[in-house]
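Undergrad: My structure is below; once you've seen it, I'll send some questions.
What follows draws every value from the coordinates through simple rules; no lab data is involved. Everything numeric in this text was worked out from a predicted model, so none of it was measured. Because the Cβ atoms are built from the backbone with ideal geometry, glycine has one as well, and the counts that use them run over all protein chains shown.
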Amino acid sequence: MAMLVYFYMKKIICILFVAAGFVHTNAQEQANVVLELFTSQGCSSCPRADQLLKKIAESDQSDRIITLAYHVDYWDRLGWKDPFSKQEHTEYQYKYGKKFRGNSIYTPQLVINGDQHIVGSDVAALHASLNKINTIPLPLEIKLTNVQKETEKISVDYKVKHGVQTLVSFALVLKENLTSVKRGENRNRVLTNTHIVLDKKVISIGNHYSGTISFDTYPKYDFEDLEIVAYTQNNKLSVTGATKLALF
């Protein structure tokens, strides 16, 4: 009889979690490094950079490194429209272009902790940078909790340790996707893209060191295919704190 009661109570609890939109999460990981790759499926030089990003994400350093792929839109007019491209990603890259005083932006460009940039496929330059900074902790902590799924929204609560920073970026990230490219410089290739930024929200921290952020849902992807990333930047776009949270 006791076992029967336990079974029904467990079933009721599960039903309540589903009704409330509760989402299971893996352990939260604080990171030392944020790698932001500006890429495009329409760029023939980008697949090598995409593969390098994937290797870093799967390496034994992955728990301390956040990898993000921002698909830009300025390649879309040249034969193939990247399904993950967004004008907002291009505008974000231009901010880095202004910071680094470059005459133009390019792909594949890899920005490391908001402080330096390299060609995204340059293995030696990337490993040299990681060897210098991967053991240095970032000063700020970010906590993500209480992930909820509604019909059209995914929400997460956040709390940022008080400190000197101006921006917090929150990204809903697709871990991996295969695309069969029909036109453009990569025509007739199947491309593997990883850690694709699907949706991004940016807030000015002000006095808002805690709150809730909502993302649009993407029904064609399962929750185990997604993760939420958050990172803080100062007014020079240098990364001051970062964390990631896998969903399942």
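Undergrad: Under the definition of Cα pairs under 8 Å and six or more residues apart, what whole-number percent is the relative contact order of the range 22-246?
TA: Taking the mean separation of contacting Cα pairs over the length of the range 22-246, I get 27 percent.
Undergrad: Kindly provide the helix-only [θ] at 222 nm of the chain, computed as the sum of -39,500 (n - 2.57) over DSSP H runs of four or more divided by all residues, to the nearest 500 deg cm²/dmol?
TA: Here the helix-only value at 222 nm equals -7000 deg cm²/dmol.
Undergrad: Choose one answer from Pro83, Pro108, Pro219: the residue with the largest mean-square fluctuation in a GNM of the chain with alpha-carbon springs under 10 Å.
TA: Checking each option, the largest mean-square fluctuation is seen for Pro219.
Undergrad: OK, next. Starting from the Cα of Ser104, step 7 Å along the direction of its Cβ; do the same at Asp157; then give the gap between the two resulting points in nm.
TA: 4.9
Undergrad: Continuing with the same structure: Can you find, among Asn188, Gly211, Gln148, the residue sitting farthest towards the positive end of the charge dipole of the range 132-248, where Lys and Arg contribute +1 and Asp and Glu -1 at Cβ?
TA: Result: Asn188.
Undergrad: Between Lys143 and Ser180, how high is the FRET efficiency from 1/(1 + (r/R0)^6) when r is the Cβ-Cβ distance and R₀ = 41 Å? Nearest 0.05.
TA: Taking R0 as 41 Å, the efficiency between Lys143 and Ser180 is 0.55.
Undergrad: By how many nm would the segment from Glu88 to Ala124 lengthen if fully extended, with 0.36 nm per residue of separation less the alpha-carbon distance? Provide the component values of the computation, followed by the final result.
TA: Values: separation 36, 0.36 × 36 = 12.96 nm, distance 2.98 nm.
Stretched fully, the Glu88-Ala124 segment lengthens by 10.0 nm.
Undergrad: Spelling out what I want: for every residue of the range 60-70, take phi, set θ = phi - 60°, compute 6.51 cos²θ - 1.76 cosθ + 1.60 (Karplus), and round to whole Hz; glycine and proline get x.
TA: 6, 9, 4, 6, 10, 10, 9, 10, 9, 10, 9
Undergrad: Additional query: Label Asp216 and Arg64 with points 7 Å out from Cα along Cα→Cβ: what is the distance between them in nm?
TA: In this crude label model, Asp216 to Arg64 measures out at 3.7 nm.
Undergrad: Springs between alpha-carbon atoms under 10 Å, Gaussian network over the chain: tell me which of Arg48, Arg77, Arg101 tops the mean-square fluctuations.
TA: Arg101
Undergrad: Rounded to the nearest 20 Debye, what is the dipole magnitude of the chain about its Cα centre when Lys and Arg each give +1 and Asp and Glu each give -1 at the C-beta?
TA: 300
Undergrad: Follow-up question, since we're still on this one. Which of Ala125, Ala31, Ala49 moves the most in a Gaussian network model of the chain with Cα springs under 10 Å?
TA: Ala125
Undergrad: So how far, in whole Å, is the C-alpha centre of the range 144-220 from the one of the range 84-116?
TA: 18
Undergrad: Another one. If I stretch the segment between Phe248 and Ile203 completely, what's the gain in nm (0.36 nm per residue apart, minus their alpha carbon distance), one decimal?
TA: Full extension from Phe248 to Ile203 adds 13.6 nm.
Undergrad: Along its principal axes, what span do the Cα atoms of the chain show, with the longest given first and each in whole Å?
TA: The principal-axis extents, from largest down, are 72, 46, 32 Å.
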